[in-house]
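The values are calculated or read from the model by the stated rules, or taken from the named source; none is laboratory data. All of these numbers come straight from a predicted model, not from anything done at the bench. Glycine also receives a Cβ, built like all others from the backbone with ideal geometry; neighbour counts cover every protein chain displayed.
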Amino acid sequence: MAQLPATVVTYPDGEVAGTATVVRTVPLEGGRTGVLLDRTPFHPVDTAWPDQPADVGVLRTADGEVPVVTTLTGGAHEGDLVVGADLPVRMGTVGWTFVVVHVVDGPPPAVGENVEAHVDADLRRGLSAGHTACHLASLALDAALADAWTKEVPTDAAGHPAFDMLAIQTSRITPYGSVDVYRVGKSLRKKGFDPGSLDDLGALETRIETTLARWAGSAGAIGIHRDDHTLAGRRSWRCELPEGVVELPCGGTHLTSLARIERLTVAVEASEVPGGIQLTMTTSINLTG
């Protein structure tokens with residue numbers, strides 16, 4: 001089977017529509033079909049860290065609209081395509097080509113056909129806001145817990161001890177929010193984290209929200225920077241905070257300015273789990289206009 005071209009992705013630039021050519025179609029479970037385009041504005045679910053849900057939308061052809069019910073990451077090795085959770089390698093693995101798979105119900109467009117790809121812009125807007133909120137809240141959480149460490153540990157993009165990176169278990173982006181789950185167990189305590197810093201969650205929320213209030217509505221630009229335009233290209237989120245520019249690896253979609261944010265709030269809950277504490281931070285974002 002012929003080698004697939006790597007998908008060119010335009011969603012890091014905020015695109016929600018574009019023209020493309022169908023390069024392959026593949027049968028999937030449940031009678032659905034995967035449509036591969038040479039380029040796409042659709043953001044797929046990442047197999048390694050599936051925090052941001054997939055874009056949905058339509059492919060418009062000469063015969064009408066074909067609904068895209070979800071969007072997955074695929075990888076091809078020596079012509080064989082593996083889709084979604086079955087992908088056995090990480091993004092960027094040498095010898096593999098990575099593609100965006102648009103999952104459709106019903107008859108797919110034909111290989112070689114030109115289509116107009118249109119993402120659900122309302123859903124994208126909510127997820128982009130939620131993803132930006134997630135990063136800002138994690139940085140504010142690290143800052144709020146900066147005094148909880150008795151040993152030196154890796155720091156985050158803002159220079160604070162990286163609680164988020166060291167303790168994160170799962171992260172889920174939602175429209176206009178996020179839910180992040182952390183574990184404070186024996187390994188984190190050995191690194192020097194004092195669980196007593198979580199005794200007063202109300203005070204912790206106040207410290208986080210005080211930082212977020214200082215950032216919300218400021219003039220800082222937000223952007224995605226990348227080394228190439230393919231799906232597997234390295235991308236990073238860069239944000240101009242009042243304290244300075246921060247940058248961290250990210251493959252998702254985002255707002256373009258802190259000025260669009262009216263308010264950011266968090267709710268932090270803790271529960272005992274075997275061997276430690278589970279901390280859950282739920283973040284919400286309100287936009288201006």
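Odds and ends about this structure:
- Near pairs, Cβ below 8 angstrom, 6+ apart or cross-chain, from the range 256-272 (free of Cβ contacts under 8 Å to residues at least 40 places away in the same chain and of a type in the set (Ser, Thr, Tyr)) to any residue that is surrounded by 16 or more Cβ atoms within 10 Å (Cβ to Cβ) and outside any strand (DSSP E or B): 257/220
- Residue within the range 203-224 that is touching a Pro at 6+ places or on another chain (Cβ under 6 Å), closer than 28 Å to residue 122 by Cα and part of a strand (DSSP E or B) present: yes
- Of the residues examined, residue 272 is one that is outside any loop (DSSP other than H, G, I, E, B), surrounded by fewer than 16 Cβ atoms within 10 Å (Cβ to Cβ) and in the same structural domain as residue 170 (by TED's automatic domain parsing).
- Taken over the range 43-68, the criterion of being farther than 25 Å from residue 134 by Cα, free of Cβ contacts under 8 Å to residues at least 60 places away in the same chain and either acidic (Asp, Glu) or part of a strand (DSSP E or B) (or both) is satisfied by 59, 60, 61, 63, 64, 65, 66, 67, 68.
- Pair list, Cβ < 7 Å and 6+ apart or interchain, from the range 91-106 residues that are charged (D, E, K, R) to residues that are surrounded by fewer than 21 Cβ atoms within 10 Å (Cβ to Cβ) and modelled with pLDDT of 95 or more: 105/32; 105/67; 105/69
- Matching residues in the range 135-170 - criterion: being buried (at least 20 other Cβ atoms within 10 Å of the Cβ) and among the polar types (S, T, N, Q): 138
- Flag for residue 32 being of a type in the set (D, E, K, R), crowded, with 17+ Cβ neighbours inside 10 Å and out of contact with any Leu (no Cβ under 9 Å at 6 or more places or on another chain): no
Let's see how each residue does on (1) at pLDDT below 95; (2) more than 18 Å from residue 280 (Cα to Cα):
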residue: 191; (1), (2): no, yes
residue: 202; (1), (2): no, no
residue: 211; (1), (2): no, yes
residue: 227; (1), (2): yes, yes
residue: 245; (1), (2): no, yes
residue: 250; (1), (2): no, yes
residue: 261; (1), (2): no, yes
